[in-house]
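> I am attaching a structure below and will ask some questions about it afterwards.
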Amino acid sequence: MGVHVYTEENPSPVAPSRLFKALIGDSETLMPKLLPQVIKSLALVEGDGGVGSIRLIAFHEGVPSKNVKTRIDALDAEKFEYTYTLLEGDLLNEKIESISYEVVFAPGTDGGTIAKIKTTYTTKGDEAPTEEELNKGKETGMAMFKVVEGYLQQNPDAYV
């Protein structure tokens, strides 16, 4: 078994509290609304939305993944921190056992945010994930982030 950790930082002009509320706190409602051509549904299937809760994201036909199931591992609305683990989905395969994500929305310049993301791949062997495997999840996550960021910029009174 191998553990492979990757980090990235993404700046945003939107405040950390607004990004956290939209992307984490209201994702079940907001994501299908903003991405109706991609996300069929996003729902809690177990728990109350806190630590230990399980979420299921169902994607429309034509999207590379059919569905993804995640577990909330940590949630701190005051520090704008969120950790979750991918339990089921197309990113997991014969090589990748699990993927966990630690997301922190830290204060950036001019009231904006630095989204700090730490992704940990646990592999069944020692081989690291390929660039293609890394990019598949990263591109999808960044695209969703940018859609929400754009929505918040166009709607300055949302999630304040």
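The values are calculated or read from the model by the stated rules, or taken from the named source; none is laboratory data. Quick caveat: nothing in here was measured; it's all calculated off a predicted structure. Backbone-built Cβ (ideal geometry, glycine too); neighbour counts: all protein chains shown. These accessible areas exclude ligands, DNA and RNA; they are computed on the full protein's heavy atoms, side chains included. Shrake-Rupley method; radii C 1.70, N 1.55, O 1.52, S 1.80 Å.
> Assuming a ≥ b ≥ c are the square roots of the Cα gyration tensor eigenvalues, decide whether the chain counts as rounded (a/c under 1.5), prolate (otherwise, with a/b larger than b/c) or oblate.
prolate
> Could you identify which residue out of GLU127, GLU97, GLU28 has the top mean-square fluctuation in a GNM of the chain using Cα springs shorter than 10 Å?
Maximum among the listed residues: GLU127.
> Give the separation of the Cα centroids, segment 46-121 to segment 6-41, in Å.
Here the answer is 11 Å between Cα centres.
> Write out the trypsin sites (Lys or Arg not before Pro) in segment 37-73 meeting two conditions: DSSP loop, and at most 15 other Cβ atoms within 10 Å of their Cβ.
Filter output for segment 37-73: LYS66.
> Next up: Throw me the Rg/Rh for segment 71-111, computed over C-alpha atoms with Kirkwood Rh, two decimals.
My calculation puts Rg/Rh at 1.15.
> Another question, if that's okay. Peptides 111-117, 48-54: what's the order by average Cβ count within 10 Å, highest mean first?
Final packing ranking: 111-117, 48-54.
> Please label the shape of segment 16-66 as rounded, prolate or oblate, based on the square roots a ≥ b ≥ c of the eigenvalues of the alpha-carbon gyration tensor (a/c under 1.5 means rounded; beyond that, a/b larger than b/c means prolate, else oblate).
oblate
> A further question follows. Packing-wise, with mean Cβ within 10 Å as the measure, how do 76-83, 128-135, 98-105 rank, highest first?
98-105, 76-83, 128-135
> Separate question: Can you give me the solvent accessible area of TYR84 with a 1.4 Å probe, rounded to the nearest 10 Å²?
50 Å²
> Right, here's the next one. Mind running the shape call on segment 1-91? Use the C-alpha gyration tensor, a ≥ b ≥ c as the square roots of the eigenvalues: rounded below 1.5 for a/c, prolate if a/b tops b/c, oblate otherwise.
Here segment 1-91 falls in the rounded category.
> In the structure displayed, which of LYS69/LYS118; LYS21/LYS118; LYS21/LYS124 lie more than 29 Å apart, Cα to Cα?
Too far apart for the 29 Å limit: LYS21/LYS124.
> To the nearest 20 debye, what charge dipole does the chain have about its Cα centre, counting +1 at the Cβ of each Lys and Arg and -1 at the Cβ of each Asp and Glu?
Dipole of the chain, to the nearest 20 debye: 340 debye.
> So, one more: Cα to Cα, under 19 Å, and not fewer than 8 places away if on the same chain: which aspartates and glutamates meet these conditions relative to LYS146?
Candidates past the 8-residue exclusion: GLU8, GLU9, ASP26, GLU28, GLU81, GLU102, ASP110, ASP157.
> Nearest 10 degrees, 0 to 90: what angle lies between the long axis of helix 131-154 and the longest principal axis of the chain (Cα atoms)?
Value to nearest ten degrees: 10.
> Would you compute, from DSSP H runs of 4+ residues alone, the mean residue ellipticity of the chain at 222 nm, taking -39500 (n - 2.57) per run and dividing by the full residue count, rounded to the nearest 500?
When only DSSP H runs of four or more count, the value is -7000 deg cm²/dmol.
> 7 Å from Cα along Cα→Cβ at both GLU46 and ALA106: what's the point-to-point distance in nm?
Simple spin-label model gives 3.3 nm for this pair.
> Return the distance in nm (one decimal) between the two label points of a simple spin-label model at ALA143 and SER65, each offset 7 Å from Cα along Cα→Cβ.
A separation of 1.2 nm, rounded to one decimal place.
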